[in-house]
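Take a look at the structure set out below.
Any read-out appearing in this document is the output of simple, stated calculations on the displayed coordinates, not a laboratory observation. Keep in mind that this is a model prediction, so the values were computed, not measured. Here the Cβ is made from the backbone with ideal geometry for all residues, glycine too, and neighbour counts use every protein chain on show.
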Amino acid sequence: MKKFILPVCVGLLATGAALTTQSFKAHNSAIVDGHMLDVSDPANPKCVNTFIECSTIPSPFACQDGDGNVLRELQGTSCPESLYRP
């Protein structure tokens with residue numbers, strides 16, 4: 001009986017570890033292009049793609065372009081959410 005239980009436990013442990021690793025990788029892959037909010041025309045603000053990779057996962061560091069503008073996530077025609085450095 002012991003010869004049967006040990007391989008089953010090892011198999012379950014390996015399966016759990018594989019699923020946890022896969023879930024962790026999927027969670028960290030939230031990379032999107034950052035958009036700058038262009039308010040040069042206050043009546044018609046728009047989001048401009050900067051093609052800078054940013055993360056949607058919160059961190060203490062904001063994703064910024066070279067001029068220090070905080071980049072945002074495009075949602076439809078607006079960009080309300082700030083992004084973070086990957």
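Describe numerically, in nm with one decimal, the distance between label points set 7 Å from Cα along Cα→Cβ at ALA62 and at ASN44.
Each label point is offset 7 Å from its Cα along the Cβ direction, giving 2.7 nm.
For GLU53 and ILE5, what is the calculated FRET efficiency with R₀ set at 35 Å and r taken between the beta-carbons, to the nearest 0.05? Intermediate results must be reported in sequence, preceding the final value.
On the way: r = 48 Å, r/R0 = 1.36.
For R0 = 35 Å, the calculated efficiency reads 0.15.
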